[in-house]
Each structure stands twice: as C-alpha cells, then as structure tokens.
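For reference, the structure is listed below as structure tokens.
The values are calculated or read from the model by the stated rules, or taken from the named source; none is laboratory data. These numbers were taken from a predicted model, which means no experiment stands behind them. Just the protein is used for accessible areas: all its heavy atoms, side chains included, with ligands, DNA and RNA removed. Shrake-Rupley method; radii C 1.70, N 1.55, O 1.52, S 1.80 Å.
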Amino acid sequence: AKRAGRNRYRFFEPAMTLAAQARMALEMALRPALARSEFELHYQPRVDLRTMRVVGLEALLRWNSADLGRVSPGEFIGIAEETGLIVPIGRWVLEEACGQTRRLIERQGRAIRVSVNVSARQLAQAGFVDEVRDVLARTGLPAACLELELTESALIEDMARTAAMLDELRVLGVKLAVDDFGTGYSGLAYLRRLPIDILKLDRSFVLQDDGRISAFDFVKAFVDMAHALRLSVVAEGVETADVLEFLRAADCDEVQGYLMARPMPLDALEAWLDAATEG
Ligand code: C2E
Ligand code: CA
Ligand code: CA
Ligand code: CA
C-alpha cells in the first residue's frame, strides 16, 4: 500500500514542491538508517559551576546517511517524530547512551551522569517505563546516573498520565529534567505536580536583554525560585566567559556549551576528560 502511495505521488503530483520532495527524500533515507547503523552518539560535557568538574554528559544524536551525508538533528528529529520513527530510534539512543556511559564510568573510576533526550512520542508509549527499567538492568548503569530530558510540551500533553509515569521513573531512581525551559508558554503549574529534578535553561533565556527587566535579574530570579523548589539549574549554550561569569553570579548550578566543549564522539570525549583531569 505504501509503494502504491509513493507511485501515485510520483505520477500524479509532478507539482510537488521542492520542500516536499526534500522532506520525502529525508524520510526515505531515515527509514532504513537504524538497520544500516548510520547513527552515532556524540557527548557534550556538563560542568559543575562551583568545582568546574565534569559531572555529566548529554547524549546528542548524529546521523551520517549513506544517501544524504551528514544530517543535523534539527533537520531530521521533527520528521522522525511525525513518522513515529523516533520511537525505535529513541530506544536505540537510550540503550547506546546507557551502555557507553556504564563502560565510561568503569574506565574513569567515578560516577558520571548521562542525559538522554526523550521526545513526546516516546513518552506517550505505554511501555516506556518498562523500557527504561530493562535498559538499566541490561546495561548495568546505575539509575542515578541516568537523566531524561523532557520538553515542556511533552510534559503537559496529558498531565495525569505523565505524572503517574514520572513518579514511576522517579521510583527507579532516574533523574528528570525539563529541557529548553523558558522557551514555551506552558506556565509553571506543571512544576507543582511533576517530580522534576532539573531545569535546563535555554540559551535564549540567558542572552535576551531587551526587556523591562535585565537578563541578570530575570535569570537570578528563576534560579532562586528553582532552588526554593529544590530544583537544580543547568544553563546550556554557554559560549563566552562573560556568560559563564554571569551564570556564576546568578548562582546557576551547572553549565554546558562550546566554551567548555563541543559535543564529541566517545573516544574524543575520553581523551578530553583525561586531559582535563591531568591539567
Ligand atoms: P537540545 O536538546 O536543546 O540540545 C542542545 C543543542 O545545542 C545541541 O544541538 C548542541 O550541539 C547545541 N549546543 C551545545 N552547546 C552549544 C553552544 O554553546 N552554542 C550553541 N549555539 N549551541 C550549542 P544538536 O546536537 O544539533 O541537537 C539539536 C536538537 O535535536 C536538540 O536540542 C534536541 O532537541 C534534538 N536531539 C538531539 N539528539 C536527540 C535525541 O537523541 N533524541 C531526541 N528526541 N532529540 C534529540
Ligand atoms: Ca537536550
Ligand atoms: Ca535544550
Ligand atoms: Ca534547544
């Protein structure tokens, strides 16, 4: 049925726009990508702002397509979500990130957390909590070393269901973070209801200084609120020493960004970690 649909498109809709054609080419290349082992994870260090030690890593998906070459997540994650392909891809990401981090912890001889991005579609799967439990058991990664990054829109989609699920994940010992905090318009009510541990401030949150309140006062107020609610705050997209000092003064807990390090393949990350601890 799918083939017929594709042929129909080809023969009867010659006026398909270039954008639609590009999108379809991407989808066609994305479908077999997992089976062809075209995905890889890169890891970006997350640094404690007080000690400047690496305390965590964010796993970021990279796709090197045989047909299309390197495609950035910004270009393919949306399509993976729309088509539902994000579910098997996300399952692979979770397993790969947990397994690789478990081995990294062994080699480094200390606990390091890994953050994995979870899309709304994955969270909506009935078996998601079991999947997380199984992956932890299979890979041997301590639950406390796994953090799941969820977006506000995923969290508020079905609050009652999400709350029950997150409670189960919390019982496992997994940490829960709100990604891109401050970019949506979802309000803060969900913070009262959901067992969140971490807020990840989007880059734009720190950079915008065009309003009535200075960026510093705004960020500081959010950090204070987060701390009063026993949440820790991670700032992402830190590119300059000025921003780092700003975040330090605002009492932010952890930072991530090009200033410290770019996302890297695992072997490069390990070399970087070794150099960082020697120096
Ligand atoms: P995100 O979760 O907000 O990830 C942070 C993005 O900012 C990453 O882009 C990272 O490379 C980039 N970044 C890090 N430091 C800096 C910096 O100092 N300056 C700037 N300008 N950018 C910085 P990336 O890797 O291209 O990923 C883009 C988005 O794709 C992610 O945004 C996330 O929403 C999504 N994504 C990536 N991997 C996965 C995945 O495994 N699963 C899902 N569902 N989504 C993913
Ligand atoms: Ca993220
Ligand atoms: Ca983010
Ligand atoms: Ca983002």
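Between residue 126 and residue 21, what length in nm is gained on full extension when 0.36 nm per residue of separation is reduced by their alpha carbon distance?
Taking 0.36 nm per residue and subtracting the Cα distance, the gain is 34.5 nm.
Could you work out the pair-distance distribution P(r) of the stretch 5-134 from its alpha-carbon pairs, with 5 angstrom bin width and percents rounded to whole numbers?
Pairs per bin, as whole percents: 2, 9, 17, 18, 16, 14, 10, 6, 4, 2, 1, 1, 0.
Bin width 10 Å, origin at 0, all Cα-Cα pairs of the stretch 87-164: what percent of pairs per bin?
Bin by bin from 0 Å, the calculated values are 18, 49, 26, 7, 0.
In what sequence, largest accessible area first, do 83, 162 appear using a 1.4 Å probe?
My answer, sorted largest first, is 83, 162.
For the stretch 159-279, rounded, prolate or oblate, judged on the Cα gyration tensor with a ≥ b ≥ c (square roots of eigenvalues), a/c < 1.5 rounded, else prolate if a/b > b/c?
oblate
For a quick check, take a GNM of the chain with Cα springs below 10 Å and name the residue from 231, 123, 188 with the largest mean-square fluctuation.
Fluctuation is largest for 188.
Counting only residues 5 or more places away or on other chains, whose amide H sits under 5 Å from the amide H of residue 65 once H atoms are built in the peptide plane?
For residue 65, whose amide H was placed from the backbone, the distant partners under 5 Å are 70, 71.
From the C-alpha coordinates alone, can you work out the Kirkwood hydrodynamic radius of the stretch 94-235, in Å?
16.1 Å
Could you compute how fast the chain diffuses translationally, taking Rh as the Kirkwood radius over C-alpha pairs and applying Stokes-Einstein at 37 °C with viscosity 0.692 mPa s? Give it in µm² per second.
162 µm²/s
Could you give each residue of the stretch 169-175 its phi-based ³J(HN,Hα) in whole Hz, using Karplus coefficients 6.51, -1.76, 1.60 with θ = phi - 60°, and x for Gly or Pro?
Whole-Hz 3J(HN,Hα) from phi for the stretch 169-175: 5, 4, 4, 4, x, 6, 8.
Leaving ligands and nucleic acids out of the surface, order 72, 65, 37 by accessible area at 1.4 Å, largest first.
Listed by decreasing accessible area, they come as 37, 72, 65.
Enter the accessible area of residue 92 (Å², nearest 10), with the probe set to 1.4 Å and all protein chains included.
About 70 Å², ignoring ligands and nucleic acids.
Divide by every residue of the chain the summed helix terms, -39500 (n - 2.57) for each DSSP H run of at least 4, and state the resulting mean residue ellipticity at 222 nm, rounded to the nearest 500 deg cm²/dmol.
The per-residue figure over the chain is -15000 deg cm²/dmol.
Per-residue accessible area for residue 145 at 1.4 Å probe radius, Å² rounded to 10?
Accessible surface of residue 145 is approximately 10 Å².
Rounded to the nearest 5, what is the percent of antiparallel bridges among the DSSP beta bridges in the chain?
40 percent
Could you provide, to the nearest whole Å², the per residue accessible area of the stretch 69-140 with probe 1.4 Å?
Spelled out: the 1.4 Å probe surface of the stretch 69-140, per residue, equals 44 Å².
Can you list the residues, at least 5 places off or on another chain, whose amide H is less than 5 Å from the amide H of residue 49, using H built in the peptide plane?
Residues meeting the amide H criterion: 254, 255.
Carbon and sulfur atoms: what percent of the 1.4 Å accessible area of the chain do they account for?
53 percent
Run the numbers for residue 230 and residue 167: contour at 0.36 nm per residue of separation, minus the present Cα-Cα distance, in nm.
This chain segment gains 21.0 nm when fully extended.
Through the Karplus equation 6.51 cos²θ - 1.76 cosθ + 1.60, θ set to phi - 60°, convert the phi angles of the stretch 185-198 into ³J(HN,Hα) values in whole Hz; use x for Gly and Pro.
Residue by residue, the stretch 185-198 yields 10, 8, x, 10, 4, 5, 5, 6, 9, 9, x, 8, 10, 9 Hz.
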